[in-house]
Amino acid sequence: MMVGMASEQTRTTTPPPTRTSAAGEPPRTAPRAWDRGTRLLVVGIVLAALNLRPAITSLGALLEEVRDGLGMSGSVAGLLTSVPPLCFAVFGVMAPRLARRFGPGAVVCAGMVAITAGLLLRPYAGGTAGFLAASALALMGIAVSNVLMPVIVKRHFPDRVGTMTGLYSMALALGTSAAAAITVPMTEALGGSWQTGLALWAGLAAAAVLPWLPLARDRGTAPGGARAEGERQERGPRPAPQAHARVPQPSAAPLRITRSRTAWALAVFFGLQATAAYITMGWMPQIFRDAGVPASTAGLLLAVTMAMGVPLAFVIPRVATRLPHQGPIVLALGGCGLVGYAGLYLAPAGGAWVWALLLGIANCAFPLALTMVGMRAKTGAGVAQLSAFAQSTGYLISIPGPLLVGVLYQHSGGWGLPLALMAALMVPQTVVGVLAGRDRTVEEEATR
């Protein structure tokens, strides 16, 4: 098998296929060309991942200023924090179809353009409606990229799903934490305008467009379609099927994914962890500010929470792919979340740094969920369907959470009830996560 980074080597022409550098290999220019393409793909994945959360966490850091500037109530602000999962659910389900038609590279490239435009327009759109519309444009680009990243990783790096998912998740966590940490200081340094503080992140999104421009021409990795041209050239005639071959094969027909209990468990797990994540990103700075923590420190605490995902997002997928059952990881993350919520209720300011660290560990359920998407399907087409189903269904499940927190906060006048809700949701998240971590595939369950 020669996919991704492993494709620097070539095969001999005598069956069975083996790796070799003996005479008869293709000209040296072919491996070099594919190697450059692989490196460009890795750069594109990392830059795309860096842009998948700043639209949300930069807003969380300045939510109070945005509310005052646009005249939002607590309930409307709760609606604003529910927009990301709504957009992810609505637009994410379209990603596999768009990828089949245009190629995943083109769709991700368009997604980066949408993020750039949305981030640049929303601070100056005028009024709450315009702000929401421009935010939805950016979130649409994030949604399709969210769904297609596990597909691209599975297609190009089937032997390195854990490593590449970890790299992608680590970059995502880095972008998330950076936006939370430096948005407020940058805003203050540039005159204190929240519009400028939010619009600055369009520059990072614009940089992410560049590596995807040449990749947008490659339509060979669409879900359910042929693989990349470089891989076809290197592989030559397709060999006979092997018992342990891991190269994704095109699916003759779409899976009946809803017949799979694992797919449903993974979708609910994805939805509940997304609920916790978006409540954290949207409301945690406000929790600390209401407890007397300065705005800049509250943003830094959110950054610490998000920064925990940088090392752990690289470690957890690698560990998860070596375990037959991912349940123990799910239990550990759930325990950290429960302790963190209890701490926010009992001593939000006194133990702020400890609670931020624990909730950061709990939020690493996201890279674990992405890893399980790649592990719970055998083929690239299966991963595409499972990724779209789990993420779209999961984000639909997560929509009410941030909104409900805003309503409870406004009408109760405190954080007791919202924190009780967050802790209560952690219990079913842990249960379905254990079920989703069982060693089985959706293809096996969907065809029974």
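Odds and ends about this structure:
- The condition (being surrounded by fewer than 24 Cβ atoms within 10 Å (Cβ to Cβ) and farther than 23 Å from L62 by Cα) is satisfied by just one residue among G337, G327, G351: G327.
- Any hit, the stretch 75-90, residues being modelled with pLDDT under 80, open to solvent by 10 Å² or more (accessible area, probe 1.4 Å) and over 16 Å from S135 (Cα atoms): yes
- Residue match in the stretch 275-282 (condition: open to solvent by 30 Å² or more (accessible area, probe 1.4 Å), over 14 Å from W353 (Cα atoms), of a type in the set (A, V, I, L, M, F, W, C) and part of a helix (DSSP H, G or I)): no
- Any hit, the stretch 395-402, residues being without any contact (Cβ under 8 Å) to a residue 40 or more places away in the chain, farther than 18 Å from L331 by Cβ, surrounded by fewer than 23 Cβ atoms within 10 Å (Cβ to Cβ) and in contact with a Leu (Cβ under 8 Å, 6 or more places away or on another chain): no
- Condition check for V66: more than 20 Å from L50 (Cα to Cα), modelled with pLDDT of 85 or more and touching a Phe, Trp or Tyr at 6+ places or on another chain (Cβ under 9 Å): yes
- Selection from the stretch 120-139 of residues that are open to solvent by less than 40 Å² (accessible area, probe 1.4 Å), more than 25 Å from L98 (Cα to Cα) and without any contact (Cβ under 8 Å) to a residue 40 or more places away in the chain: G130
- Search result, residues across the stretch 140-167 that are touching a residue at least 60 places away in the same chain (Cβ under 8 Å), farther than 13 Å from V373 by Cβ and open to solvent by 10 Å² or more (accessible area, probe 1.4 Å): H156, D159, R160, T163, L167
- Pair list, Cβ < 7 Å and 6+ apart or interchain, from the stretch 349-361 residues that are more than 14 Å from C336 (Cβ to Cβ) to residues that are not in a helix (DSSP H, G or I): A349/A291; A349/G292; A349/V293; A352/V293
- Among residues of the stretch 170-194, those that are touching a residue at least 60 places away in the same chain (Cβ under 8 Å) and open to solvent by less than 50 Å² (accessible area, probe 1.4 Å), counted: 14
- The single condition among (1) out of contact with any Gly (no Cβ under 6 Å at 6 or more places or on another chain); (2) part of a helix (DSSP H, G or I); (3) not aromatic (F, W, Y) that A267 does not satisfy is (1).
- L300 over 24 Å from P400 (Cα atoms) and assigned to a helix (DSSP H, G or I): yes
- Number of positions in the stretch 286-317 that are surrounded by fewer than 17 Cβ atoms within 10 Å (Cβ to Cβ) and farther than 30 Å from E65 by Cβ: 2
- Close pairs from the stretch 408-436: first without any contact (Cβ under 8 Å) to a residue 60 or more places away in the chain and in a helix (DSSP H, G or I), partner basic (K, R) and buried (at least 16 other Cβ atoms within 10 Å of the Cβ), Cβ under 8 Å, at least 6 apart: none
- Filter result for L190 (touching a helix residue (DSSP H, G or I) at 6+ places or on another chain (Cβ under 6 Å) and not hydroxyl-bearing (S, T, Y)): yes
The values are calculated or read from the model by the stated rules, or taken from the named source; none is laboratory data. Given the structure is predicted, the values throughout are model-derived calculations rather than measurements. Heads up, the Cβs are rebuilt from the backbone with ideal geometry, glycines too, and the neighbour counts pull from every protein chain shown. To get the accessible areas, we keep the full protein, side chains included, count just its heavy atoms, and leave off ligands, DNA and RNA. Shrake-Rupley method; radii C 1.70, N 1.55, O 1.52, S 1.80 Å.
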